[in-house]
Amino acid sequence: MKILLVQDLTRPHHGLGDEHLEKIKAVDPSLEVLAFSSTQLDEINRRIEDVDILAGTLWAIPEIHDVKKLKLIHSFSAGVEHVLTPEVKNSDVIVGNCSGIHATPIAEHVLGFLLIFTRRFYDTFQSQQKKRWEKNPKITELRGKTVLIVGLGNIGKEVARVVNGVGARVLAVDRGGEEKPEFVETLYAQDQLKEALPQADFVVLCLPLTGETRHLFDMEKFRIMKNDAVLVNIARGGLVKEQDLIQALSQKVIGGAALDVTEEEPLSQESPLWEMENVVITPHHSGSSEKYMDRAVDVFCENLKAYLKGETLPNQVDKERGY
């Protein structure tokens, strides 16, 4: 059985080391493991025709339109939208992902975003650049603020736990069937989003991008939010209708936004978001950590063991739901 691994060496912490390859080979010594960089696209496309398992960083994996021998595709990310082509969705190919490995760094990233707005670090940094010693009257505390988590998966739960740990009031919206964690005050169903939104000082998006969630946040949702509320998106840019967000920020319909993701990436230099004083932007790296591939390979090995035994993968994607 052959495994083709595709790594994206252009992104920090996304390379496979010798220790990672050895760990994968140790799952079954009979496995033939091939590893390539995403820059070796011609070689990857040639080899793909003769492998059973394809795994790699989401955007490094080429789109699959002919499944041929493929039995399993595994994304080293939580997202799988890039690999769920119609041909893959309509085939018997099993799809796995690394959902859960980003929870720690992303939760810390969200906490940083929230503190930027409560402790006014952005304003203070601008004063520093101008060599101005100015106390900021807008500084406030995160303790007691209401944080609404939209999407209570692995990442959403960790974000909720972390912000609750510093004293924030945590609400959450989820698709249903989840037991309410003790660190969440109220858990709302999906159809109760409009009921939860007006209560929030911060709205944190932790949802997968699917046909159902695309542009879930548009002007209608922004008008329901408090006019000083901050939208935080560390999930997928497509969850937000970006032109509506720009309008909502410009017209002060909402108070601000912290964005690790945008509809198009990289964000166009022409985008007004870059220069808005109530917007903080990071380049889709909230999940980055020097431990990233260690965690990703561990999850892949567990999925691989289950696949070889003919069992359901611990991290198996529902191809219809898209996550």
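Can you give the FRET efficiency to the nearest 0.05 for LYS89 and MET1, using r as the Cβ-Cβ distance and R₀ = 35 Å? Calculated value: 0.90. The phi-based Karplus calculation (6.51 cos²θ - 1.76 cosθ + 1.60; θ = phi - 60°) puts the 3J(HN,Hα) values of the stretch 276-282 at 7, 6, 9, 10, 10, 10, 10 Hz, whole numbers, x for Gly and Pro.
Derived scalar couplings between HN and Hα for the stretch 268-273 equal 4, 5, 7, 5, x, 4 Hz in order, rounded to whole Hz, by the Karplus curve 6.51 cos²θ - 1.76 cosθ + 1.60 (θ = phi - 60°), x for Gly and Pro.
Extension gain, GLU195 to GLU141, is 17.0 nm, computed as 0.36 nm per intervening residue step minus the present C-alpha separation. Look at SER286, SER38 and count the other Cβ atoms within 10 Å of each Cβ; fewest to most, that gives SER38, SER286.
The stretch 1-47 and the stretch 112-153 have their alpha-carbon centroids 42 Å apart. Determine which lysines satisfy two conditions relative to LYS309: a Cα distance under 27 Å, and not lying fewer than 8 residues away in the same chain. Of all the lysines, those that pass the test against LYS309 - Cα under 27 Å, at least 8 places apart if same chain - are LYS2, LYS23, LYS25, LYS68, LYS69, LYS71, LYS89, LYS319. Under the rule of at least 5 residues apart or a separate chain, name every residue whose amide H is placed under 5 Å from the amide H of GLY96. Amide H neighbours of GLY96, under 5 Å, 5+ apart: ILE73, HIS74, SER75, VAL317. Qualifying trypsin sites (Lys or Arg not before Pro) in the stretch 1-105, where qualification requires a DSSP coil assignment and no more than 16 other C-beta atoms within 10 Å, comprise LYS68, LYS69, LYS71. Approximating the spin labels as points 7 Å out from Cα along Cα→Cβ, the GLU43-to-ASN278 distance works out to 5.1 nm. Based on Cα contacts under 8 Å between residues 6+ apart, the chain shows a relative contact order of 17 percent. Amide H to amide H, with H built 1.01 Å from N, VAL173 comes under 5 Å of ILE149, VAL150, GLY151, TYR188, counting only residues 5 or more places away or on other chains. Here the dipole of the stretch 22-137 is about 1000 debye; that uses its Cα centre as origin and unit charges on the Cβ of Lys and Arg (positive) and Asp and Glu (negative).
Between TYR122 and GLN269, the simple spin-label model (points 7 angstrom out along Cα→Cβ) gives 2.2 nm. With 25 Å as the limit, the listed pairs LYS194/LYS252; LYS157/LYS194; LYS138/LYS180; LYS135/LYS221; LYS157/LYS226 have LYS138/LYS180; LYS135/LYS221 beyond it between alpha carbons.
Taking 19 Å as the cut-off, the amide N atoms of the stretch 207-225 that come nearer than this to a point 7 Å along the Cα-to-beta-carbon line of GLN243 belong to 214-223.
In the chain, the convex hull through the Cα atoms has an average projected area of 18.0 nm², a quarter of its surface area.
For the stretch 1-108, the residue among GLN7, GLN40, ILE64 whose Cα projects farthest onto the positive side of the dipole built from Cβ charges is ILE64.
Every read-out reported here was derived from the displayed coordinates using simple, explicitly stated rules and does not represent laboratory data. Nothing here was measured: the structure is a model prediction, and the numbers come from that model. Cβ coordinates were reconstructed from backbone atoms using ideal geometry, including for glycine residues, and neighbour counts include every protein chain displayed.
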